[in-house]
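Below is one structure, written out as structure tokens; comments come after it.
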Amino acid sequence: MAYTLTEIIDNFGVITLNREDKRNALSGALIYDLINSLEFMERNKVRVVILRASSRVKCWSAGHDVAELPTTNVDPLRYSDPLELGIRAIRKYPAPVIAMIHGTVWGGACDIAINCDLIIGDPTCTFAITPAKLGVPYNPSGIMHFLSRVPLNIAKEMFFTALPIEAERAERVGIVNHLVPEAELEKFTYDLARHIGNHSSESIAVMKEQARIIGDSFPINPETWEYIQELRRKVYQGKHYYEGISAFMEKRKPNFE
């Protein structure tokens, strides 16, 4: 089964998440399909990529497939985790990647979306980052992704509450570039991709890479990095992480005593 559908239209490409039976949960298989699709686009010199879900679904993506998270004692968001590989593939793709959002975006899918270069949404879109509901200690790079997109207080609210940011507020705080009527979402996004694709691909590729490098240039000394990793280790090796994952799999409310 293909977990992503790939299409080239004019001078841009479209990658559609295709795991509707699981609300497009980001399994390893889906992420690897996404990476392969991006590599296909790059080989074909596609100047803009649109990442979307089917317009039929109410959930753009349910986020990281919790069934694939480790139960205890292992970093759930290690550098080699498929989600992290997918995020890096989007960030390093040598052309703009536009997230076209219809429906709700949860957890790791929220991280995927905000790492796209632009986000175009309709009034159904919401964004929620949910590690606090699972007892997951989010990784430093993930925290920085949000801090580079929204003000510190908004990022803290999203992480602390795990509540969705609704469409109009998402546009107001800078998550969404454009909020358009549902019936116009596809046309607006595709027209924007065509417009960008008519400009210099070499210029845009260099500007995107410069922005990525500059945005990542936050020096942390080794001692501070080790301290952060120790903080995270105490969580994913602790009771709250085990309880959060167990409660999710058992479809009950977690008891974080």
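The values are calculated or read from the model by the stated rules, or taken from the named source; none is laboratory data. Remember, it's a predicted structure, so these values are computed and weren't measured experimentally. Note that each Cβ is placed from the backbone with ideal geometry, even for glycine, and that neighbours are counted across all protein chains shown.
Residues in segment 110-160 that are buried (at least 22 other Cβ atoms within 10 Å of the Cβ), among the small types (Gly, Ala, Ser) and part of a strand (DSSP E or B): Gly121 only. If you go through segment 58-86 and keep only what is in contact with a Ser or Thr (Cβ under 7 Å, 6 or more places away or on another chain), closer than 12 Å to Leu30 by Cβ and in a strand (DSSP E or B), you end up with nothing. Scanning segment 210-248 for residues that are touching a helix residue (DSSP H, G or I) at 6+ places or on another chain (Cβ under 7 Å) and of a type in the set (A, V, I, L, M) turns up Ile228, Val235, Ile245.
Are any of the residues in segment 185-200 among the small types (Gly, Ala, Ser), surrounded by 13 or more Cβ atoms within 10 Å (Cβ to Cβ) and outside any helix (DSSP H, G or I)? No, the conditions are met nowhere in segment 185-200. Among the conditions (1) out of contact with any Leu (no Cβ under 9 Å at 6 or more places or on another chain); (2) within 21 Å of Ser141 (Cα to Cα); (3) modelled with pLDDT of 95 or more, the only one that Glu7 does not satisfy is (2).
One residue alone among Val46, Val57 is of a type in the set (Val, Ile, Thr), free of Cβ contacts under 8 Å to residues at least 60 places away in the same chain and closer than 19 Å to Cys110 by Cβ, and that residue is Val57.
Each residue in segment 38-57 was checked for being in a loop (DSSP other than H, G, I, E, B), more than 17 Å from Lys208 (Cα to Cα) and at pLDDT 95 or above, and 1 pass.
Name the residues in segment 35-72 that are among the polar types (S, T, N, Q), in contact with a strand residue (DSSP E or B) (Cβ under 7 Å, 6 or more places away or on another chain) and within 19 Å of Asp122 (Cβ to Cβ), would you? Answer for segment 35-72, where residues must be among the polar types (S, T, N, Q), in contact with a strand residue (DSSP E or B) (Cβ under 7 Å, 6 or more places away or on another chain) and within 19 Å of Asp122 (Cβ to Cβ): Ser54, Ser61. The combined condition, being acidic (Asp, Glu), surrounded by 14 or more Cβ atoms within 10 Å (Cβ to Cβ), within 17 Å of the chain's Cα centre (by Cα) and assigned to a helix (DSSP H, G or I), is fulfilled by Glu171.
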